[in-house]
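Only one structure is covered here, and it is reproduced in the block below.
Computed from the coordinates by the stated procedures, all read-outs in this text should not be read as laboratory data. Keep in mind that what you see is a predicted model, and the values were worked out from it rather than measured. As a convention, Cβ positions derive from the backbone with ideal geometry for all residues, glycine included, and neighbour counts pool all protein chains shown.
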Amino acid sequence: MATAIEKCVHCGFCLAACPTYNLLGEEMDSPRGRIYLMKNVLEERLSADDAQPYIDRCLGCMACVPACPSGVEYGDLLVSYRALQEDQRRRPPLDALARKLVIETLPYPRRFRLAAQTGKLSKALTAALPDAFAAMLNLLPAKLPPALPIPPVMPAKGARRGKVALLPGCVQQVLAPEINYAAAQLLAANGVEVHNPPGAGCCGSILLHIGAERQARDIARRNFTQFPADVDAIITTAAGCGSGINDYELLFKSQPDAERATEFSQKVMDFSAYLAELGLRQPAGFEEERRVVYQDACHLLHAQSQHAEPRALLNQIPNLRLLEIADAGMCCGSAGAYNIDQPAIAAQLGQRKIESILAVQPDVIVSANIGCITQLRQQLDRLGNPLPVLHIAEILHQACAD
Amino acid sequence: MMNRGILQALQKIYPADRLLTRDVELLPYESDALTAFNAKPGAVVLPVNEEEIIDTVRLCHQLALPFVARGSGTSLSGGSLPIPEGLTIGLNRLNRIKKIDPLQRIAVVEPGVINLHITEAAQPYGLYYAPDPSSQSICTIGGNIAFNSGGAHCLKYGMTSNHVLAMKVVLADGTVTRFGGESVDGVGIGPDLVGLFVGSEGLFGIALEITVRLMPQPELYQTVLAAYDDLGRAGDAVSMVVASGLLPGAMEIMDRLAIKAAEASVSAGYPDAEALLIVELEGEALQVEAEFEQLLGIIEKSSAIEVRVAQNEEERTRIWKGRKGAFSAVGRLSPDYIVQDGVVPRSRLGEALVEIGALKDKYQLDVANVFHAGDGNLHPLILYDGREAGALERAEALAGEILALCISLGGSITGEHGIGMEKRDYLPAMFSEEEIDIMEGLRRAIDPNEIANRGKMFPGGEAPALSQHGVHPLERAGLISRE
């Protein structure tokens, strides 16, 4: 932590990239300001409670990381700081209970499905979540979509070009099972053998994000033995999972299984990155031109540097016209607690994003993260606009269907 | 804590969420981009319109309360360092571009507008705003005016002062007035008051509305990167280009250490060399093409070990990104550093570099060199470790010797970062007593209470504390380590 703080030379280049600084225009709500606050808390010049609102207001979008010339690992800093504070933070009883529910429910699809269906827990859950999942819970559909089971092994169609395993994730498979389904179908159709280990599950990122490090490690460990060793990659369709798994090295530092964790994280690849490297097999494309906006998920663009890959895939589709929007790298505000803790900021970011998108008049919006997808749908609902919002796997699947 | 009466007066102008007084709100404003100094302001206010600024300055004048205007806080000379217990006026929310007039080729902007945003707004009309400080993606036009900011391309187009046509300002005594006019030709009668205000380091007041000149976007760029196995040879190449009569848009040199930092930061793919020279030609296509041939001929004769030409906009951007992020990238090489800013006549560039090399050995500190070679503007970055006893003092002494060297070679103690907090003690080395008297007289004529950016530019005055570095409390407790 000290090294990361020390690396910051206070140059201010991060301010331009930070959504909360852009919106609020205060140093405390900028990356360098937050780093300075963390420094002052650690040096005991400032109480942690005073600094907390500003740290909580950080979206964790990581836009400041590529913007930083000094190479401050802001993400690592934030995760470590949150975990450190979490140990010392005394939460009000209700808050603490809701947090426990989150930890015990979200990472487990069966429990979550049950909780979501009864709907009884959802309110309690949303109150505690400082991340993208809270917004989704808040927006739980009246009825959950039926599960779309994927067979344990899907053989490659035609000549085999690769062999992967699919990381099922947690919340997404309950709320939007069609995403992994489309991804698996598409990969198989493109000559990739897809394994779906029945015992695999949540990667722990959601727990890491709320500072529950120990529980995150426990959940993550369960995956280490589930995947075949000879796959080319373990594929995730959620930007948040990929980015969280990248942090395993930090999460498991000086912990048992550190080596396995690193090995595992090195195997994990985002869906778009893998497929872009492989290339699509002669996609059929669309009959009529389809104007598409690709909404960058922060955890893919900033945390995993994936700018060109998803665009390259979309550009391979005949009759798909890819449109670029203003401020494409700015977070859409889906960082969940925003809708509850900071409704004004979240709404403003969502509004700005949807305005930039609608300005280029797309027929469909595509993203690579369920958090963004949900946020954009909410914004469109507000405007009464029926524009579809799809996961990139879904539109590619549509375009490749014969 | 600020005096209750002053706070009550400020509360009449600002709602609670734009009048910052708690420690947690003030600490992040303690420093700008020169972290060697910090000072906690008594309060920070965040006006959203010019009336609030005027009311605030008038209040400060009335109460003799010192204030500093602050944009994005990117000054490298401590120009926007708060005055202890004074007022910091954050102008970043005044960020509207009020007008772009493509026929007159002007833009009218508020002081908190980010430099690059003017270019972005002018782009659809084929125009841009020329001064390009390295921090252009975040620094504000108000700060650019205060410090007459330059940038890599000022070699050809001049500094901020060459691009500001008119201003509405509130002077430190509360007077609101206009300087200059919208005519691009700069036809004017009487003294050049715009010229007086630009570069005055915030001592005269605050610019409320600024009219800047826009330039037609160059039709063509040719960006050449030449590598040398000796820093002096890169310097000689600059002299050769200048002697040939060419006037490139920019000529920049980076030495080995700076290359290493920039490479670590943006992977610009720079060649492995002792020095890199970046030369950029820009303008009308026909002319640039002819100049390009001439330039390549010169570079060929300059004993470059490798020459690369940017083949597309992406390659050009990457070359510049490495250069523009070089200062901050040095944070990767050293826990602390001082960015120095001095000028030498460009014919004596080689001499200056040899001397700096000798000083480096004398003080046993590393120095990375990044400079606007075309106009002799040096930016040595002095690397030190603040945790080592006496290191900061040695670094400062070295920085001082570099400035003395610049003066002795016939140059200046600042090219573009300004005097600010950092160099106020060097002012007498550069200017005579009479000259400083004139400057102080001018200041007092406008600001009798000396409230605007008090403590900057002129030597002496209340000095905020130098930052102290030491073992981190958590380190002492064995909770963290520096691996």
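Structure values in brief
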{"item": "Residue-wise HN-Hα coupling along segment B:395-409, computed from phi with Karplus coefficients 6.51, -1.76, 1.60 (Hz; x: Gly, Pro)", "result": "4, 5, 5, 5, 4, x, 5, 5, 5, 4, 4, 4, 5, 5, 7"}
{"item": "Rounded to 10°, Cα long-axis angle of helix A:93-105 versus longest principal axis of chain A", "result": "30 degrees"}
{"item": "Charged-residue dipole, Cβ positions (Lys, Arg, Asp, Glu), the protein assembly as shown about Cα centre, Debye nearest 20", "result": "3320 debye"}
{"item": "Tensor-based shape of chain B (alpha-carbon gyration tensor, a/c under 1.5 rounded, otherwise prolate or oblate)", "result": "oblate"}
{"item": "Helix B:50-63 vs. chain B, principal-axis angle (Cα, 0 to 90°, nearest 10)", "result": "60 degrees"}
{"item": "Sequence-separation-based contact order of chain A, relative, with Cα cut under 8 Å and 6+ spacing, percent", "result": "16 percent"}
{"item": "Segment A:283-400 shape via C-alpha gyration tensor axes, a/c threshold 1.5", "result": "prolate"}
{"item": "Considering only chain A, percent of DSSP beta bridges that pair antiparallel, nearest 5", "result": "10 percent"}
{"item": "Helix B:433-446 axis, angle to chain B major axis (alpha carbon atoms, nearest 10°)", "result": "50 degrees"}
{"item": "Relative exposure of B:E293, A:E263, judged by other C-beta atoms within 10 Å (fewest first)", "result": "B:E293, A:E263"}
{"item": "Packing-based exposure ordering (other Cβ within 10 Å, fewest first) of B:L220, B:L403", "result": "B:L220, B:L403"}
{"item": "Residue order, fewest to most beta carbons within 10 Å, for A:D29, B:D437", "result": "B:D437, A:D29"}
{"item": "Relative contact order for segment A:141-219, counting Cα pairs under 8 Å that sit 6 or more residues apart, in percent", "result": "37 percent"}
{"item": "Kirkwood Rh in Å, taken over the protein assembly as shown so that all alpha-carbon pairs contribute", "result": "29.3 Å"}
{"item": "log₁₀ of I(q)/I(0) at q = 0.08, 0.13, 0.14 Å⁻¹ - chain A, Debye sum with one point per alpha carbon", "result": "-0.40, -1.13, -1.33"}
{"item": "Whichever lysines have a C-alpha closer than 18 Å to that of A:K143, once near sequence neighbours (fewer than 8 apart) are set aside", "result": "A:K120, A:K123"}
{"item": "Candidate aspartates and glutamates for bridging to A:K163, where Cα separation is under 18 Å - those fewer than 8 sequence places away on the same chain excluded", "result": "A:E193, A:D230, A:D232, A:E263, A:D270, A:E277"}
{"item": "Shielding score for B:32-41, defined as the mean number of other chain Cβ atoms within 10 Å", "result": "2"}
{"item": "Violating pairs (Cα-Cα greater than 26 angstrom) within the set B:K360/B:K423; A:K157/A:K267; A:K39/B:K423; B:K168/B:K456; A:K7/B:K260", "result": "A:K39/B:K423"}
{"item": "For segment B:346-468: rounded, prolate or oblate by the Cα gyration tensor [a/c cutoff 1.5]", "result": "oblate"}
{"item": "Value of [θ]222 nm, deg cm²/dmol, for chain A, DSSP H segments ≥ 4, -39500 (n - 2.57) each, nearest 500", "result": "-14500 deg cm²/dmol"}
{"item": "Beta bridge orientation in the protein assembly as shown: antiparallel %, DSSP, nearest 5", "result": "70 percent"}
